[in-house]
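Enquirer: Questions regarding the structure given below will be posed in turn.
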Amino acid sequence: MKYWLMKSEPEEASIDDLANAPRQTLAWTGVRNYQARNFMRDGMQIGDGVLFYHSSCAVPGIAGIAEVASTPYPDPTQFDPASPYHDPKASREAPRWVLVDVKLVRKTPLLPLSELRDIPELASLQILAKGNRLSVTPVAPEHWEFITTRLLPA
DNA sequence: GCCAACGTTGGC
DNA sequence: GCCAACGTTGGC
């Protein structure tokens with residue numbers, strides 16, 4: 001069992017979009033960074049915990065808890081010329097980009113980035129590192145435990 | 001809108 | 001394979 005933090009711009013896919021999706025599940029389309037892709041492709045297993053993070057918005061932060069709901073499979077948007085995520089170098093025979101499905105566990109009160117920064121126990125959380133831009137990052141079990149039980153109790 | 005940090009591209 | 005130029009991310 002592993003834990004992850006996944007960023008999404010709420011204008012693209014928010015925690016409410018996830019809550020309102022069929023089976024409260026969304027395909028995590030649009031990742032176009034190899035490191036983030038590799039985490040999904042090589043690191044994730046069904047049932048892994050996910051912190052759903054809102055980025056590039058008025059108050060960035062953790063907006064809910066989710067879980068990995070599929071094994072990795074090719075991101076269909078890479079094959080679609082009409083999609084902003086189209087990748088002309090990808091083919092169905094040789095897909096470049098993979099994704100997983102993500103399923104809502106529960107929406108939480110927003111836990112702002114500014115608050116996360118003030119918590120000593122979370123100082124080494126990857127999302128807080130200077131210059132961090134990765135949209136998918138691993139979360140240490142102790143960080144997961146602290147966030148889900150102390151900061152966002154059920 | 002600014003800008004720091006980082007990833008990718010492509011000429012050599 | 002180096003590295004400058006360029007593009008993107010994302011907080012502020």
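Enquirer: If I take every Cα pair under 8 Å that is 6 or more residues apart in chain A, average their sequence separation and divide by the length, what percent do I get for the relative contact order?
Expert: Relative contact order for chain A comes out at 30 percent.
Enquirer: Same structure again: Using a simple charge model, +1 on the beta-carbon of Lys and Arg, -1 on the beta-carbon of Asp and Glu, nothing else, what dipole does the stretch A:35-94 show about its Cα centre, in debye to the nearest 20?
Expert: In debye, rounded to 20, the stretch A:35-94 gives about 100.
Enquirer: Volume per residue, Å³, of the convex hull around the alpha-carbon atoms of the stretch A:99-154?
Expert: Roughly 102 Å³ of hull volume per residue.
Enquirer: Still on this structure, I have one more. Taking K and R as +1 and D and E as -1, what net charge do the other residues with C-beta under 13 Å from the C-beta of A:E121 add up to?
Expert: For residues surrounding A:E121, the net value is -2.
Enquirer: Further question on the same structure: Considering the options A:Y34, A:G47, A:S14, tell which one lies farthest towards the positive end of the dipole of chain A, charges being +1 on Lys and Arg and -1 on Asp and Glu at the Cβ, about the Cα centre.
Expert: A:Y34
Enquirer: Run the dipole for the stretch A:3-151 about the Cα centre, Lys and Arg Cβ at +1, Asp and Glu Cβ at -1, nothing else charged, and hand back the magnitude in debye, nearest 20.
Expert: Computed charge dipole of the stretch A:3-151: roughly 220 debye.
Enquirer: Given the options A:G64, A:G49, A:G131, state which has the largest fluctuation in a GNM of chain A using a 10 Å cut-off (strictly under) for Cα springs.
Expert: Maximum fluctuation in the GNM of chain A, among the listed residues, is at A:G131.
Enquirer: Among residues other than A:A69 whose Cβ falls under 9 Å from its Cβ, what is the net charge (Lys/Arg +1, Asp/Glu -1)?
Expert: 0
Enquirer: A follow-up question, please. Would you mind checking which residues have amide H under 5 Å from A:D75's amide H? H placed 1.01 Å from N; only 5 or more apart, or other chain.
Expert: Answer set, sorted by chain and number: A:W97, A:V98, A:L99.
Enquirer: A follow-up question, please. Lysines within cross-link reach of A:K107: Cα-Cα under 21 Å, excluding same-chain residues under 8 positions apart?
Expert: Reachable lysines: A:K2, A:K7.
Enquirer: Further question on the same structure: State in Å² the accessible area per residue of the stretch A:3-151; use a 1.4 Å probe, count heavy atoms of protein chains only, and round to the nearest integer.
Expert: About 52 Å² of surface per residue is accessible.
Enquirer: Okay, moving on. Leaving ligands, DNA and RNA out of it, report the carbon-plus-sulfur percent of the accessible area of chain A at a 1.4 Å probe.
Expert: Its accessible area is 51 percent carbon and sulfur atoms.
Enquirer: How big, on average over all directions, is the shadow cast by the Cα convex hull of the stretch A:3-151, in nm²?
Expert: 9.0 nm²
The values are calculated or read from the model by the stated rules, or taken from the named source; none is laboratory data. As the structure is a computational prediction, the values presented were derived from the model and not from experiment. For neighbour counting, all protein chains shown are included, and Cβ atoms are generated from backbone atoms with ideal geometry for every residue, glycine included. Protein only, heavy atoms only, side chains kept; ligands, DNA and RNA dropped before computing areas. Shrake-Rupley method; radii C 1.70, N 1.55, O 1.52, S 1.80 Å.
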